[in-house]
Amino acid sequence: MTLSWDLFVLLFTGIIVVYSILLGRNRIVGILINIYISLAVTLVVGDAVYNLVSNFTIISNRFSVTEFAVKTIFLVTVTALLSIKSEIAGLDSGGSVSKIQAGIYGFLTSGFILSTIFSFMADSQIIALDSNFVNLIVSFYMVLVVAPILFMIGTAFTKKF
């Protein structure tokens, strides 16, 4: 088996699912909300950040500055800062249903993260990757963005009052 983007997608998804189960449902929901906030911020100011970074000669002389790289790093940085400093997530019950939901959230979060990052790439870059999984993720971008929200709404009805 050769290393490919398909393998990367599978490994990334597996790691996120296991990490989500270890974190618990409430914590992964908090992180997912932070990713949505980061996406909104990146979509609004991503072009301005790219223009700033690409015109900053100390960076642009040493590194190849692409819009994809700048927006991806910005998204990850904002998500990390929000997740570290956020108080959105509470304590998790740790029950088996909670662990199953955390695994599902992990899978949905992985799809959301990958589809968002691939959306920053030009079509020609995506085609050059020559990956069936990447093409599948890109073609279901809207579903992968909306699915975690629908799952949050659905699981909200399963909570005991």
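The values are calculated or read from the model by the stated rules, or taken from the named source; none is laboratory data. Quantities reported herein were computed from a predicted structural model and do not represent experimental measurements. Don't worry about glycine lacking a Cβ; one is built from the backbone with ideal geometry, like all the others, and counts go over all protein chains shown.
Brief remarks follow.
- Sole exception among (1) under 12 Å from the mean Cα position of the chain (by Cα); (2) not in a helix (DSSP H, G or I) for residue 105, by number: (2)
- Of residues in region 149-161 being surrounded by 12 or more Cβ atoms within 10 Å (Cβ to Cβ) and hydrophobic (A, V, I, L, M, F, W, C), the one nearest to the chain's Cα centre (by Cα): 149
- Residue, farthest from the chain's Cα centre (by Cα), within region 121-143, restricted to residues that are part of a loop (DSSP other than H, G, I, E, B) and surrounded by 19 or more Cβ atoms within 10 Å (Cβ to Cβ): 131
- For region 89-101, the criterion of being modelled with pLDDT of 85 or more, in a helix (DSSP H, G or I) and not β-branched (Val, Ile, Thr) is met by at least one residue.
- Look at region 16-38: where a residue is under 14 Å from residue 96 (Cα atoms) and in contact (Cβ under 8 Å) with a residue 12 or more places away in the chain and a partner is assigned to a helix (DSSP H, G or I) and of a type in the set (A, V, I, L, M), sitting 6+ places away or on another chain with Cβ atoms under 8 Å, you get 20/28; 20/102; 21/102; 23/31; 23/102; 24/102; 25/102.
Quick grid of which residues meet (1) closer than 19 Å to residue 117 by Cβ; (2) modelled with pLDDT of 90 or more; (3) aromatic (Phe, Trp, Tyr):
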{"residue": "1", "(1), (2), (3)": "no, no, no"}
{"residue": "11", "(1), (2), (3)": "yes, yes, no"}
{"residue": "14", "(1), (2), (3)": "yes, yes, no"}
{"residue": "17", "(1), (2), (3)": "yes, yes, no"}
{"residue": "23", "(1), (2), (3)": "no, no, no"}
{"residue": "38", "(1), (2), (3)": "yes, yes, no"}
{"residue": "50", "(1), (2), (3)": "yes, yes, yes"}
{"residue": "62", "(1), (2), (3)": "no, no, no"}
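- Annotation: residue 45 fulfils all but one of (1) part of a helix (DSSP H, G or I); (2) modelled with pLDDT under 90; the unmet one is (2).
- Here residue 64 clears all of (1) farther than 25 Å from residue 103 by Cα; (2) among the small types (Gly, Ala, Ser); (3) part of a helix (DSSP H, G or I) except the condition numbered (3).
- Criterion (β-branched (Val, Ile, Thr), surrounded by 14 or more Cβ atoms within 10 Å (Cβ to Cβ) and within 27 Å of residue 140 (Cα to Cα)) met by exactly one of 53, 44, 65, 78: 78
- Cβ-Cβ under 8 Å pairs, at least 6 apart or on other chains, region 70-83 side closer than 16 Å to residue 32 by Cα, far side among the basic types (Lys, Arg): none
- The lone criterion from (1) crowded, with 17+ Cβ neighbours inside 10 Å; (2) under 17 Å from the mean Cα position of the chain (by Cα); (3) farther than 24 Å from residue 7 by Cβ left unmet by residue 146 is number (1).
- All positions within region 13-35 that are within 13 Å of the chain's Cα centre (by Cα) and either among the charged types (D, E, K, R) or exposed (fewer than 15 other Cβ atoms within 10 Å of the Cβ) (or both): 15
- Contact map, region 48-59: residues that are in a helix (DSSP H, G or I) paired with residues that are of a type in the set (Ser, Thr, Tyr), Cβ distance under 9 Å, separation 6+ or inter-chain. Pairs shown: 49/42; 50/66; 53/60; 54/60; 54/66.
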